[in-house]
């Protein structure tokens, strides 16, 4: 079975499992509808897997493209970036997180990047910026709507989503990318992402994953500042939605609050959705439903939903 067909089958399986039912009787009654919805989405999408979008430090960074079949016009696209503290994680391990966006009709690009064991900071940021450029450069082929690019991720992926959408070309972190495409996104959805990397290198908020990502580079603090979203808050940024639990032990909730306050001061449209008592993800069903309802409303507010949604 080809990689593309494997991913298509995997998507069908995920969809068939994505409708929890409360009882055996309910499962029996709802099974045909559940499978019908799963098959509908599976048949609606095609998958192109493991496309190399950049080769850096002898590493081929890859991405997967999920797109509706038979598109006749450019379609809004979500760029999804996995988490793992810049030291772990895979794009395949986050595949379930794509489901809500697929159900809403988005095209989705699922991105991997160099982890710390391959290259230290700022490599992951450089890669994700190059993934954005790849999306823009290949928009005609895949029918991506470059006016409706949404970038999102969780934890370190949230940080990288912020950096991908906020970073100005003048920061000099796009040099690995092919071409000089002007890179802009329409919105950023940040799930409990790091916003101040320096804060995690020393002191009460020190986190091992951040220390590993920066390593023993002589200019560690300078690099940390260059890869911190708070460094790039300014007027004219795209709308930003941040989702964060106020009891997060892995990424301090204060990172979300400080970003929200800084964006407000700069006049950037933004929203902070706080999950009371929420940890580092793992939100319950009611919280998750609230989050995705908020995401959908946020995207609708800025006219970023696919046609018919």
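Every number here is computed from the coordinates shown, using simple stated rules; none is lab data. No experiment lies behind these values; they were computed from the predicted model shown. No Cβ is skipped: glycine too gets one built from the backbone with ideal geometry, and neighbour counts run over all protein chains shown.
Going by average Cβ density within 10 Å per residue, which order do the peptides 264-271, 88-95, 163-170 take, highest to lowest?
On the way: 264-271: 14.9, 88-95: 16.9, 163-170: 21.0.
Those peptides, ordered most packed to least, come out 163-170, 88-95, 264-271.
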Fluctuation leader among 57, 138, 110 - the chain, Gaussian network, Cα springs under 10 angstrom: 57
Within a Gaussian network of the chain (alpha carbon springs, distance under 10 Å), most fluctuating of 195, 152, 72: 72
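If you scale each eigenvalue of the Cα gyration tensor by 5 and take the root, what three semi-axes come out for region 84-233, rounded to whole angstrom and sorted largest first?
26, 17, 13
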Cα pair distances in region 184-309, grouped into 5 Å bins until the bin that holds the longest one, percent each: 2, 10, 18, 20, 18, 15, 10, 4, 2, 0, 0
Share, in percent, of DSSP beta bridges within region 46-301 that are antiparallel, nearest 5: 30
Choice from 198, 147, 219 showing the highest fluctuation, given a GNM over the chain with Cα pairs closer than 10 Å: 219
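Could you state the orientation-averaged shadow area of the convex hull built on the Cα atoms of region 81-154, in nm² to one decimal? Could you put the intermediate results ahead of the total?
Values: hull surface 20.5 nm².
For region 81-154, the mean projected area of the Cα convex hull comes to 5.1 nm².
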Size descriptor, Kirkwood hydrodynamic radius, that averages inverse alpha-carbon separations across region 26-113, Å: 14.6
Label-point separation in nm, residue 303 to residue 274, each point 7 Å along Cα→Cβ: 3.4
Relative contact order %, the chain, counting alpha carbon pairs below 8 Å whose residues are six or more apart: 15
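Is the shape of region 151-221 best called rounded, prolate or oblate, per the rule: a/c under 1.5 gives rounded, else a/b larger than b/c gives prolate, else oblate, with a ≥ b ≥ c the square roots of the Cα gyration tensor eigenvalues?
Values: a/c = 2.75, a/b = 1.44, b/c = 1.91.
Because a/c hits 1.5 or more and a/b fails to exceed b/c, region 151-221 counts as oblate.
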Value of Rg/Rh across region 46-301 [Cα atoms, Kirkwood radius]: 0.93
